[in-house]
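Okay, so here's the structure we're looking at.
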Amino acid sequence: MPRKTLLASTLAVLIAGTASLAQAQTPGASTAPAGMAGPHRLAPGGHGMHGWHGMRRDDEAGMGVIADLRGLERLYRAAGRTRDLVGVYNDVLAKSQDPRVRAYAYHHLARVQAEPTRYDDAIATMRKSLDESLANDAKDRAERASMRARGSSQAAATPGQDAGR
């Protein structure tokens, strides 16, 4: 009896191992839990930056801008033109309304401003970023509260809809 149990256990482990190996070798397969697959975890040939139907998902909006900014920053630093980054980041802040892009630009602008010990400019930039983030958070909270209020008023206005069935 113990021999049959050992054989059955070995066979089960072998099948499970083979199945997990096959799944790991399947292109585009993700073992990340639902909601955890970000743009950095999508496999080539998957749905990538443009989701299922060619539209960008909300969590991927602005990633192209940030990638371009990273590349520009590397080039400016390699060329010894770090001070020119101040203008680049100010241009981005003037043109973009995306909160993630703006936060990235504010943080990197402050870093560039602090490099030659101009900490007052860097502190002012980070304070401006903080104020903007707080305002966005307050706006988001107000929108969620408004949506909840509309949902509860709609539910109260249509009681007994199932009674006629």
Top-ranked residue of region 79-117 - restricted to ones that are among the aromatic types (F, W, Y) and more than 17 Å from the chain's Cα centre (by Cα), ranked as nearest to K128 (Cα to Cα)
Y106
If we scan region 67-78, do we find a residue that is under 26 Å from L130 (Cα atoms), outside any helix (DSSP H, G or I) and at pLDDT 50 or above?
no
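The values are calculated or read from the model by the stated rules, or taken from the named source; none is laboratory data. What you see is a predicted model; the values in this text were computed from it and never measured.
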